[in-house]
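Inspection log for the structure reproduced underneath, given as structure tokens.
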Amino acid sequence: MGTQTVEISEPLIVEQEAEEKVRNDDDLESIPEWKDQITFRGLAASAVLGGLFCIITHKLNLTVGIIPSLNVGAGLLGFFFVKSWTSFLSKLGFSVQPFTRQENTVIQTCVVACYGLAFSGGFGSYLIAMDDRTYKLIGVDYPGNRAEDVKDPGLWWMIGFLFVVSFLGLFSLVPLRKVMVLDYKLTYPSGTATAMLINSFHTNTGAELAGGIGDSCGFDNFPTLGLTLFKNTFYFDFSPTYVGCGLICPHIVNCSVLFGAIISWGVLWPYISQHAGDWYPADLDSNDFKGLYGYKVFISISLILGDGLYNLIKIIALTVREMCNSTEQKNLPIMNEVSGKDYKVPYDGESSKLLMEKRKQDEVFLKDSIPSWFAVSGYVGLAAVSTATLPTIFPPLKWYLVLCSYIFAPALAFCNSYGTGLTDWSLASTYGKIGLFTIASLVGRDGGVIAGLAACGVMMSIVSTAADLMQDFKTGYLTFSSAKSMFVSQVIGTAMGCVLAPLTFWLFWTAFDVGSPDGPYKAPYAVIFREMAILGIEGFSELPKHCLALCCVFFVLALVLNLLRDVTPARVSQFIPIPMAMAVPFYIGAYFAIDMFVGTVILYVWERMNRKDAEDYAGAVASGLICGDGIWTIPSARVSEEIGDSGPSSVVYLSDGYEAVLKHDPFEIYVREDGSTKMATEWLPTGGGG
């Protein structure tokens, strides 16, 4: 059972990554100890970049509510900052410590951990949903919306809240790092792209491979596949990030994502929409959980839980069996992981070099091990502190509810980390909604809103930081960085985020009218999260008709697909879709599935034309696309703020009440309803993020 999973989840870029790093054998012989990988200048650069990225995350969170991966940007800017500083000191005649790829990776890890709390801290979602403005926006007479369920943001209690809940996710999955990175060989596309970028900076020839810069070409919401499909989010939006993910992710992952998009947005959602007025009220908002949005969220959750729990149980069973069969060994033999059988390559001189490279990666990754007893005791200790502290911050959230959340949280953290490794999508907010609905329904009308929103924060923090840590483990593995230095830098970055994320948010809160429908920072998900909490008070019985039955069907489907993938021969199982990958477009939309499929088609054709070039350069091209698009996020946000929506434009009538708008300055094309001022994607039921 286990070998099939490893085979299917194996990334397509392992060999060219090793081939690239073999060119620098001297560096591999002088890998610094884990303590030397963490430097004062690196931590100083991490603090500066962490604050900058927190500001960027808050801006995106309070406007559109969707946060792209900024890992590659963190790696690039970390290199730029420290390299500029060391070059400056060298010109002044000072002796400086060499800047290594391991130090670069530590900086990137700290920055990601820091700005990750700007998202999982709920500054644009569950924390803002507690404030007085959101309470009044929903309506003081709205059923279940009570004046007692209001808690306005405060700098000190937000800092305390983050310190109490943010570190548990770091300890929840540490014992599974070897399973996720070495045994399952999960891709973690952003982590892999970041590693290749960092490696390219610290080799003589690598920069040439990773120098490509992606950019949006202006056709971001254009109906490339026709208006009918566009209305169901089937369009190619020319996103370099998702095309790059398609180049990195295995073919089965990309095809599974597209298959899930076809089932959901091509068949299921249009069919359910035809029953509007019968299965659910027809006049509901697109983000109302009593309507189509409820089907999207809960069916995707069912697929995710089915896949994640199946694999979690399988890992536990395999681990117990391995412990029983290998009582004399504490770890699986490294030699077995780098055998020629695993890589299916002949033992010539170049292949032996690659195998030695892979062995070196494994040795470095497993050398400074983090004891399981330390991870377990750390999680239990922090859970005890949090269980005692959280009720003092949120009185309706009783200690036994917090304790129950921490008992189930590691399973959900595994599901999220596993899914992120496959698709690069962290569904932390989706798992947070599980806690929100469950706790709100248990507490009831007397404090259920505050308790549910706080529980959402607990769950989001754990699953988000766990996925970030595992992604950084992947980056560290590929850059020959110690797992211990990755863990310590993640802890330091989290501590930075507990302070910098609330401080940078406080700048927005005091300088702008955050949450105002007429202001620039509308915090769109604040109202949505509070409405979800109110819905949770009424329990799952308030969900639309047949929603629960459909959830059960897709949960069983996920179990069956995983079972088939494990019991069928490899020639059959390689074509069976992965439920976790299928679930992402159910909730997000089909557009990114098209982009990822374009990436996998490009790679497939490339492999048929010149397999060696595809193996050598596909990962580097993908890294350049992801990195360029991530870096462009910063100046594009600034340009959009300066230019706004002004500028000349042309309007072309299409059909069926739609028209295409061509803006000349800046150049942009999008589709809207005839005579409307809104883009079609603003009022079509796209599912959104958050």
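So the values come out like this:
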| read-out | value |
| --- | --- |
| Of the criteria (1) of a type in the set (G, A, S); (2) at pLDDT 85 or above; (3) surrounded by fewer than 23 Cβ atoms within 10 Å (Cβ to Cβ), which one S264 fails | (3) |
| Of all residues in segment 357-377 being modelled with pLDDT of 80 or more, more than 15 Å from E33 (Cβ to Cβ) and of a type in the set (D, E, K, R), the one that is surrounded by the fewest Cβ atoms within 10 Å (Cβ to Cβ) | R359 |
| Cβ pairs under 8 Å, 6+ apart, first in segment 514-530 and free of Cβ contacts under 8 Å to residues at least 24 places away in the same chain, second of a type outside the set (K, R) | G519/F512; G519/D513 |
| In segment 150-171, residue farthest from P502 (Cα to Cα) [restricted to those that are of a type in the set (G, A, S) and in contact with a Leu (Cβ under 9 Å, 6 or more places away or on another chain)] | G169 |
| The lone exception for M580 - which of (1) in contact with an Asp or Glu (Cβ under 7 Å, 6 or more places away or on another chain); (2) under 30 Å from D132 (Cβ atoms); (3) crowded, with 23+ Cβ neighbours inside 10 Å it fails | (2) |
| Some residue of segment 454-461 being part of a helix (DSSP H, G or I), in the same structural domain as E103 (by TED's automatic domain parsing), farther than 27 Å from F374 by Cα and not charged (D, E, K, R) | yes |
| P175, sole failed condition from (1) in contact with a Ser or Thr (Cβ under 6 Å, 6 or more places away or on another chain); (2) surrounded by fewer than 16 Cβ atoms within 10 Å (Cβ to Cβ) | (2) |
| Scope segment 145-162; condition out of contact with any Phe, Trp or Tyr (no Cβ under 9 Å at 6 or more places or on another chain) and buried (at least 19 other Cβ atoms within 10 Å of the Cβ); matching residues | L162 |
| One residue from F99, F80 being without any contact (Cβ under 8 Å) to a residue 12 or more places away in the chain and either assigned by TED's automatic domain parsing to the domain that holds S482 or part of a helix (DSSP H, G or I) (or both) | F80 |
| Selection from segment 410-447 of residues that are hydroxyl-bearing (S, T, Y), part of a helix (DSSP H, G or I) and either under 24 Å from A593 (Cα atoms) or in contact with a His (Cβ under 6 Å, 6 or more places away or on another chain) (or both) | S417, Y418, T420, T423, S429, T430, Y431 |
| Hits in segment 456-487 - residues which are among the small types (G, A, S) and under 20 Å from the mean Cα position of the chain (by Cα) | G457, S461, S464, A466, A467, G476 |
| Any chance T134 is of a type in the set (S, T, Y), in contact (Cβ under 8 Å) with a residue 24 or more places away in the chain, surrounded by fewer than 24 Cβ atoms within 10 Å (Cβ to Cβ) and within 26 Å of P502 (Cα to Cα) | yes |
| Some residue of segment 200-217 being within 21 Å of the chain's Cα centre (by Cα), farther than 26 Å from T504 by Cβ, at pLDDT 80 or above and not aliphatic (A, V, I, L, M) | no |
| Residue in segment 518-533 that is surrounded by the most Cβ atoms within 10 Å (Cβ to Cβ), counting only those that are small (G, A, S) and touching a helix residue (DSSP H, G or I) at 6+ places or on another chain (Cβ under 6 Å) | A533 |
| Single condition T389 does not satisfy, out of (1) touching a helix residue (DSSP H, G or I) at 6+ places or on another chain (Cβ under 9 Å); (2) at pLDDT below 95 | (2) |
| Complete set of residues in segment 506-521 that are part of a loop (DSSP other than H, G, I, E, B) and modelled with pLDDT of 80 or more | F512, D513, V514, G515, S516 |
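Yes/no per residue for (1) among the charged types (D, E, K, R); (2) under 19 Å from K474 (Cβ atoms); (3) out of contact with any Phe, Trp or Tyr (no Cβ under 8 Å at 6 or more places or on another chain):
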| position | (1), (2), (3) |
| --- | --- |
| T57 | no, no, no |
| T63 | no, no, no |
| V72 | no, yes, yes |
| F81 | no, no, yes |
| F88 | no, no, yes |
| Q97 | no, no, yes |
| T105 | no, yes, yes |
| C110 | no, yes, yes |
| G124 | no, no, no |
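The rows are residues; the columns are (1) touching a Lys or Arg at 6+ places or on another chain (Cβ under 7 Å); (2) modelled with pLDDT of 65 or more; (3) among the hydroxyl-bearing types (S, T, Y); (4) not in a loop (DSSP other than H, G, I, E, B).
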| site | (1), (2), (3), (4) |
| --- | --- |
| C255 | no, yes, no, yes |
| S286 | no, yes, yes, no |
| F298 | no, yes, no, yes |
| D307 | no, yes, no, yes |
| T319 | no, no, yes, yes |
| V345 | no, no, no, no |
| L355 | no, yes, no, yes |
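The values are calculated or read from the model by the stated rules, or taken from the named source; none is laboratory data. Everything numeric in this text was worked out from a predicted model, so none of it was measured. Cβ: placed from backbone, ideal geometry, glycine included. Neighbour counts: every protein chain shown.
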